[in-house]
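The next block holds one structure in the form of structure tokens; read it before the comments.
Read-outs: derived from the displayed coordinates by stated rules, not from any lab. Note that the coordinates shown come from a computational prediction; the quantities given were computed from them, not determined experimentally. We place every Cβ from the backbone using ideal geometry, glycine too, and count neighbours over all the protein chains shown.
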Amino acid sequence: MGFEVETVIKIAAYTGGGIAMGLGAVGAAIGEGYTAARANIAISRNPEISGDIFKSMLVGQAVAESASIFALVIAILLLFMDAATPSLLKAAAFLGAGLSMGFGAIGSGIGSGYPGGEACFGISQQPAADSQLTTNMLIGSAVCQTPAIFSMVVALMLIFIDFGNAPLTPTWAAFIGAGLSMGLAAIGSGYGGGLAAGASCEGISRSPQSVTNVTTIMLVGQAVSQTPSIFGLLISFILMFKSFPESSMLATPMALLGAGLCMGFGGIGPGIGNGMAAEGAVRWVARNVEHSNELMRIMLVGQAVSQSTAIYAMVVSLVLIFVV
């Protein structure tokens, strides 16, 4: 049974919208649940300041919710979007947009829950450091949202940019690969950034006077943790904007789709691993402030080694795009 082009576009848009919101709800809910769980433990330890803990919980949950709001925006656009120039290529772009935003919201939602939860618990231990903990929580959580923002940018480009007379094959695979590259790579960076941010709140609650050292190392560690998602963004841009000659061979679109999968999956582990390295450094610098420089140096060396696997994935993706 054949379908008209408009029908195929609607199928892709509705599927993409469902993927964007369905997957986008996963991470935020887990992150918010973690924040609430830690808030309950905090209140049981120090019921006298339950009001302050409750407010911090709501703020932390609100930031974690951002990733799912991004997913909601993309889902609504896909559900009610009318393609200006209907084509099967636009259908592939809509599906790629949903994949980018859906997967891209998971890590950021979960990651943002860690600083929220640890800030609530820290306030129960150090009520006088409430302001410092809240500020650190907001900074750390905001950085965790960066991969989700990258994913939303790629999704919006796929939805709104008119790619002109690009050939259907192999460009359809490039658009879906672009969504997978960005969405999957964002998972590790969002989650890894949350590990570092959560440890920073724990460190400040243990030693409020170390806030400057802790925040500095947290931001450096988070910056390195974001690089796999930046690699994913780079491959997505290449897949979206490089001109591919028309081809009837199945191998050509599969190479482009493989490039997106390679970089997407290849960015998950390094993002989480970099976050683990940063988590260890940030947590312990609060206990050994005098050794903060040494801890940062070891963290960066460890992250560099962990990062190498994401570089391997990017190299293979570039070979699939430009060589194969």
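Would you work out if the stretch 144-287 is rounded, prolate or oblate? Take a ≥ b ≥ c from the square roots of the eigenvalues of the alpha-carbon gyration tensor; rounded if a/c is under 1.5, else prolate when a/b is larger than b/c, oblate otherwise. Here the stretch 144-287 falls in the prolate category.
Which of rounded, prolate, oblate describes the stretch 3-59, given a ≥ b ≥ c as roots of the alpha-carbon gyration tensor eigenvalues and a/c under 1.5 marking rounded, otherwise prolate only if a/b is larger than b/c? It is prolate, given that a/c is not under 1.5 and a/b is the larger ratio. Using a Gaussian network for the chain with springs between C-alpha atoms less than 10 Å apart, which of these wobbles most: Leu180, Leu89, Leu99? Largest GNM mean-square fluctuation: Leu89. Whole-Hz Karplus values for the stretch 29-44 come out as 5, 5, x, 5, x, 5, 4, 5, 4, 5, 5, 5, 4, 4, 5, 5 Hz, taken residue by residue from phi with 6.51 cos²θ - 1.76 cosθ + 1.60 and θ = phi - 60°; glycine and proline positions read x.
Protection proxy ranking of 116-124, 279-287, by the mean of other Cβ atoms within 10 Å over each peptide's residues and highest first, is 116-124, 279-287.
In units of the rule-of-thumb radius 2.2 N^0.38 Å, the stretch 241-323 shows an alpha carbon radius of gyration of 1.59.
Quick one: compute the contact order of the chain, relative version, from alpha carbon pairs under 8 angstrom and 6+ residues apart, as a percent.
20
Can you give me the angle between helix 211-225 and the longest principal axis of the chain, using Cα atoms only, in degrees from 0 to 90, rounded to the nearest 10? Roughly 20 degrees, rounded to the nearest 10. Of Lys10, Lys55, the sequence from fewest to most neighbouring Cβ atoms within 10 angstrom is Lys55, Lys10. Compared with the dominant principal axis of the Cα atoms in the chain, helix 88-125 is inclined by about 0°. Against the chain, whose longest principal axis comes from its Cα atoms, helix 227-241 is set at around 20 degrees.
Farthest toward the positive end of the dipole of the chain, out of Leu168, Pro253, Gly24, is the Cα of Pro253, where the dipole comes from beta carbon charges about the Cα centre.
Across the stretch 80-194, the relative contact order, built from alpha-carbon pairs under 8 Å that are at least six residues apart, equals 52 percent.
Multiplying each eigenvalue of the alpha-carbon gyration tensor of the stretch 50-160 by 5 and taking the square root yields semi-axes of 37, 11, 9 Å, largest first, rounded to whole angstroms. Legend: ranking of residues Ile149, Ile187 from fewest to most surrounding C-beta atoms inside 10 Å; resulting order Ile149, Ile187.
Whole percent per 10 Å bin, from 0 to the bin with the longest distance: what is P(r) over all C-alpha pairs of the stretch 5-322? P(r) over the stretch 5-322, rounded to whole percents: 7, 27, 29, 20, 11, 5, 1, 0.
Based on DSSP H segments of at least four residues, each scored -39500 (n - 2.57), the chain has a per-residue ellipticity at 222 nm of -30500 deg cm²/dmol.
Rounded to the nearest 20 debye, the dipole size of the stretch 5-322 about its Cα centre is 280 debye, using +1 on the Cβ of Lys and Arg and -1 on the Cβ of Asp and Glu. Note on the stretch 5-322: dipole from Cβ charges, positive end direction compared against Leu239, Val301, Gly271; the farthest Cα belongs to Val301.
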